[in-house]
Structure formats: C-alpha cells, structure tokens
Amino acid sequence: MTAKQAILAMDQGTTSSRAIVFASDGSIVSVSQQEFPQIYPEDGWVEHDPEAIWKTSIETAQKAFADAEAKGFHVAAIGITNQRETTVVWDKETGVPIYNAIVWQDRRTETVCRALSARGFESVVQDKTGLLLDPYFSATKIAWILDNIDGVRQRAEKGEIAFGTIDCFLISRLTSGGAHVTDATNASRTSLFNIATQTWDEELLTAFDVPIEMLPKVKDSAANFGETVPELFGRSIPICGVAGDQQAATIGQCCFEVGDIKSTYGTGCFVLLNTGADLVKSKNRLLTTVAYRLDGKPTYALEGSIFVAGAAVQWLRDGISIIESAKETEMLAAAADPDSGVYMVPAFTGLGAPYWDANARAAVFGMTRATGRSELVRATLEAVCFQTADLFDAMASDGVKPSALKVDGGIVSNDWLVQFLAELLGFWAEWPVVMETTALGAAYLAGLQAGLFNSLEEIQEQWSLERKFFPEMDTKGREKLERWRKAVEATRSFSLE
C-alpha cells in the first residue's frame, strides 16, 4: 500500500515552537508544540535563546513527523514559517550564535532610529522597503550586535559571520550549515531589502552599517531551500516553502485576489491586504510588504502591525494571575459590566500601527472599587479589537474599504471577541475550517514546490468557511473606540522623565 503524501510545517513563533503535519487535502495529521522562555534584560528589551528556539523546533518537528509516519503518511517536504524581524547572528563555521536572538518586539535601538530619522533617512527607507524607520525591523538589531559584541563587526566584514531571521537560522541548522538562504517575505522585513528591485540595497546597507557578506541569498517563497541532514529524520527531506508568519497566514487563508484581507491574532495582531502587483504606499503609516513571491514575481500587501494582542491575555495569566487559562476570558468578558468605563492600552513594548510610538507604555484607565477581574479581562479583549479598528480606519483613509475579514490565531476561538470585533468594524468576520492558517500557508508553499499542488487556484479550492460573525446594529462600540483613543493619547503623553 502506497503511503499518503504529507507536508511537515515548522511554525516557529514568538512564545512557542510548533510543528504540524498536513495531508495533501489540508487536513491536520499530527501536531506538537513546546513553549520556550522569554528574556527581558532591560526595559523594552526582548530576547530569545537561539538554542532554545532550535531545540523546541527540532523536537516538535521530529515528534509530529514520527506521529504522521506511524499513521501511514509519507512526509514529502518541509515548509517553514516564523516570527518575523527577530534577528540571529552566528558563526558561519560552527553555527554557534554570537548573541541571543533580538526579538521583533525589542525597542533598544530607538535612539539609532531617531538619529537616522533626524537625518531625513526615513523617506528613503519607506520608499525602498515599504517600512518605517523603527526598532521593530531587523537592520538596527543587526548593527547593535555588531557594535556591542567584541570583534564581531571585523569578523562579519571578513565573511565569517552570518545573519538570518529565524527561518534562515533554522534552515542553516537543518542542513548542518549547508544553506544560508531566506525567502522574499522575510527579507522584506529587514529594512535592507529593496522590495521593488527584489535585491539587497547598497544604500540601505551603508546607512545601517551592515556588511553584505553576512546576508543570506533570497529565494522565492516556494523554492529549493536545501535538504535536511539524514540524522534528523532518518532520511533527507527537502525544504520547499518559507514565509514569515503573517504572510504564511495570508496564504493559508487563500488571500490570493487583490482586495482579500486577513487578520491574525497571535502574540500581536497583523492585518494584511493583498494589493497584487501594485506597491501601494500608505499615507497613514501602514506598511507595504511582500505577501509572497512565486516564479520570481512578487505579490505585495498593505499591512497594519499591532505589537500586543494575545500577549495581553498572556499577561493576565502569567503577569498578574487573574486567569488560569485563556479559555476563561470569554465567560469573564460576557459577565463584565459593559459600561464599567475601564479601558486598557496594551503598550507593553510601545505602540505599532498607526501610532509607531516606541516610548508608549501600557496603562489601565477608569478603574473604581467596583472594578473586578471580569472588567479587566473585558477591557483587554476590547483593546485588541480597538487596535484592529485603528488599522481598518487607517486603511479606509488610504482608500481601502473591505466588506469582510478572514480571522485566525489563538484568541479568535473566543466567540465574544470576534462578535465584538464584527460589531466594531461594521462588517462580518469569517472563521476558516482549518484555523492553523500560518502553518498551513507554509505547507501550501512547500506543496507547490514539491508538486503536491499545481497552482494557487487548486489550493484555493481547499479553503472552506466554518463560521461567520455578523455585526449587530449597535453604536456603543464606536463610542467606546473614541474613548479608548483618548486613553491612548493619555498614555503617549505620560512620562516620568
């Protein structure tokens, strides 16, 4: 009996590493997941141990692989999706990281970004990369490591040091150093990649002081990224698909047509709108990015990035211990006083789009003696929705007015949150049958390259609707949004200095 073909998707996220094996019809065969520690050396600094990332990634991949093959499936290819912008620098010969991974949330290079902005460089960055001049992106993180770890800059200039986003680091480990490659979606988040020419840009490399010798080769999102060394899985497996997590979710949600839009709620929240071959420049501080690149042709997207979404729920659980699990939040939010007047601004690591304020910090407003954990939970979930509404209002100002939204990510399993979101936005929100859209997108890309799928149209046929949330006629949500925006401004203007 011939084994059924399957794809292993390695989904390396901000708080955990997961591996999911998908059958060729998009159904889930096996899953494995492990969390790993977050490191906070100073205020606004966020790091990960690259070895913890590798250990959790390979262990979950091996378990999901073994479970799938035990069920009679044959894993034909690997797809990788990853937390974007997070920066790893390692020794090319030994593969040993020079420093901890500096996470996308990290704000340590804010002064560098301000200095470059004062020189008028932000317009150059935005024109060439579609991004803003912000610590969020990889370039200033790379430069910080080069400038703060003794001897590394000199070695980088000699070609002895490699930089990579997490996908690139994992590929290097999977191939035992045999491949130093990334894809166009991850490259587009570094502030070093010209998204019009699809090349590393000399002017940007000079301005950020990053040697080109340490950069990986950039490939299509569906391509040959190398093969795993046999000892990892018992045989070599081709790595055939790579995309940053939000772009992978866009593919997993089958947003292949111009105007298709999705919002993923993980640690942060990210809204991507497919703009096709057009590089749409936002007037409202949204980002222009590569959605995916196939056969050398990039498809672009307009993106709104929110730093804290699910991370705020995690803070309720781990930071102040008012819930034991995220599942409790739906019941607590529904039980809360809807007119409590409590508002939360979850700016734990600054504010993303459309504010881009690295100095803002989290705050809760409007508490009284009547405020309990239900009100705090509801305010936290509402803040996730309010931030999303900010992004859609910015897109509307840019001339984009969607009529439906595909949602995915961990916290959208909360019916209360998605219903409130639909009411706030004024149009319906859709759940897909397969909610693991990020991993699924990586699997689809790998399947395209491996020949399990012939086209995006064939993949599109697999997407199916699980549930649709319709907005109710209620103006309170928009009224509360305006009050929340006042809380945001109060947070931004507050300083102890």
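The values are calculated or read from the model by the stated rules, or taken from the named source; none is laboratory data. Note that the structure is a prediction, hence the values are computed from the model and not measured. With ideal geometry, Cβ positions are generated from the backbone for all residues, glycine too; neighbour counts draw on all protein chains shown. With ligands, DNA and RNA removed, areas are computed over all heavy atoms of the protein, side chains included. Shrake-Rupley method; radii C 1.70, N 1.55, O 1.52, S 1.80 Å.
Of note:
- Sites Lys281 and Ala3, calculated FRET efficiency, Cβ-Cβ separation with R0 60 Å, nearest 0.05: 0.80
- Measuring r between the beta carbons of Arg119 and Ser413 and using R0 = 56 Å, the FRET efficiency lands at 0.75.
- At full extension, Ala326 and Ala370 could sit 13.5 nm farther apart than now, given 0.36 nm per residue minus the alpha carbon distance.
- Distribution of pairwise C-alpha distances over the stretch 172-218, 10 Å bins, in %: 26, 52, 20, 2
- Paired Rg and Dmax values of the stretch 373-412, which use every Cα atom, in angstrom: 12.7, 39
- Sequence ranges 376-386, 112-122, 240-250, ranked by mean other-Cβ count within 10 angstrom, highest first: 240-250, 376-386, 112-122
- Among 169-178, 35-44, the order from most to least packed when residues are scored by Cβ within 10 Å on average: 169-178, 35-44
- Stretched out straight at 0.36 nm per residue, the stretch from Thr15 to Lys486 would grow longer than its current Cα-Cα span by 166.5 nm.
- Partner aspartates and glutamates for Lys281 [C-alpha distance under 12 Å; skip if fewer than 8 residues away on the same chain]: Asp127, Glu303, Asp398
- Dividing the mean sequence gap of close Cα pairs (under 8 Å, 6+ apart) by how many residues the stretch 52-204 holds gives a relative contact order of 26 percent.
- Highest mean packing first, where packing is the average number of other Cβ atoms within 10 Å per residue, the peptides 50-59, 13-22, 348-357 line up as 13-22, 348-357, 50-59.
- Per residue value of the accessible surface for the stretch 143-279 (all protein chains in place, 1.4 Å probe), Å²: 31
- 27 Å Cα-Cα threshold exceeded, pairs from Lys128/Lys283; Lys55/Lys128; Lys158/Lys219; Lys92/Lys219; Lys262/Lys327: Lys55/Lys128
- Inter-part distance, the stretch 243-275 to the stretch 81-150, computed on C-alpha centroids, equals 23 Å.
- Calculated FRET efficiency for the pair Asp339/Asp147, C-beta based, R₀ 45 Å, to 0.05: 0.30
- Dividing the helix sum by the residues of the chain, where each DSSP H run of 4 or more adds -39500 (n - 2.57), gives a mean residue ellipticity at 222 nm of -10500 deg cm²/dmol.
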